Amino acid sequence: MITITESAQQHFGKLLAQQPEGTNIRVFVVNPGTQSAECGVSYCPPEAVEASDTEMKLELFSAFIDELSLPFLDDAEIDFVTDKMGSQLTLKAPNAKVRKVADDASLIERVDYVLQTQINPQLAGHGGHVSLSEITEDGVAILQFGGGCNGCSMVDVTLKEGIEKELLVQFEGELTGARDITDHARGDHSYY
């Protein structure tokens with residue numbers, strides 16, 4: 001579930017002391033399960049609590065999470081950090097954009113989850129992304145590149161030395177390789 005650090009709890013406690021009696025906090029995800037997902041925290045007065053909410057009881061207050069946001073906040077952390085530059089509330093929700101899959105999920109679901117949560121964040125730095133088209137009967141992950149990866153001269157290195165190596169380690173005995181089916185011919189679709 002969500003971790004709210006001691007410093008974040010103290011911070012929220014101070015803020016809530018200035019609010020009407022019975023006000024708590026709400027932790028939520030806007031557009032959960034999409035690339036535009038955003039995690040947020042707001043005040044939650046008693047009349048805003050829904051019957052389907054999950055309540056996290058903490059020492060100074062409660063944190064409420066709506067039913068839709070809950071699975072996307074698995075492993076989330078809220079912290080309040082103070083350094084030379086000042087103080088800042090940080091929210092980390094690694095599963096906000098992609099719902100975490102169960103250990104017994106299908107191979108295609110587990111591979112897609114790794115691509116979305118581990119590989120694509122690295123490719124995004126170059127404006128690219130990769131998606132899983134299928135897994136063949138002999139265990140080859142068929143991938144489609146897009147964005148900055150489409151038409152990139154380094155795509156073969158990225159595939160063989162990066163993505164394929166990582167997938168073969170994580171899915172040892174289940175995957176035998178990875179193959180690119182992207183049309184990398186120079187054209188309007190290519191990124192330069």
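One table, with the values for the structure above:
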item	result
Mean separation of Cα contacts under 8 Å (6+ apart) over length of region 3-92, as relative contact order %	32 percent
Qualifying chymotrypsin sites (Phe, Trp or Tyr not before Pro) for region 35-139 [loop in DSSP, other Cβ within 10 Å: at most 11]	none
Potential lengthening between E172 and D104 on full extension [0.36 nm per residue; Cα-Cα distance subtracted]	22.9 nm
Cα gyration tensor shape of region 3-92, rounded if a/c is under 1.5, else prolate or oblate by comparing a/b with b/c	oblate
Heavy-atom accessible surface of region 3-92: percent carbon and sulfur, 1.4 Å	51 percent
Rounded to 5, the percent of DSSP beta bridges in region 3-92 classed as antiparallel	80 percent
Given charges at Cβ of Lys, Arg, Asp, Glu: region 107-187 dipole, positive-most of G151, V114, T136	G151
Accessible surface of region 107-187, 1.4 Å probe, proportion on carbon and sulfur as whole %	50 percent
Once exposed loop GluC sites (Glu not before Pro) are cut out (DSSP; at most 15 other Cβ, 10 Å), longest piece of the chain	68-136
Convex hull volume of region 107-187 per residue (C-alpha atoms, cubic angstrom)	79 Å³
DSSP-defined antiparallel bridges as percent of all bridges, region 107-187, nearest 5	65 percent
Principal axis dimensions, region 84-141 - Cα atoms, whole angstrom, descending	55, 29, 14
Where N is the number of residues in the chain, Cα Rg divided by 2.2 N^0.38 Å	1.30
Eligible lysines near K97 by straight Cα distance, threshold 21 Å, same-chain separation 8 or greater	none
Accessible area (Å², per residue) of the chain, counting only protein heavy atoms and a probe of 1.4 Å	59 Å²
In Hz, Karplus ³J(HN,Hα) per residue of region 41-54 (6.51, -1.76, 1.60; θ = phi - 60°; x = Gly, Pro)	9, 9, 5, 9, x, x, 6, 8, 6, 9, 4, 8, 5, 9
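The values are calculated or read from the model by the stated rules, or taken from the named source; none is laboratory data. The structure presented is a predicted model; accordingly, all values stated were derived computationally and were not measured. Don't worry about glycine lacking a Cβ; one is built from the backbone with ideal geometry, like all the others, and counts go over all protein chains shown. Ligands, DNA and RNA are excluded from the accessible area calculation, which covers all protein heavy atoms including side chains. Shrake-Rupley method; radii C 1.70, N 1.55, O 1.52, S 1.80 Å.
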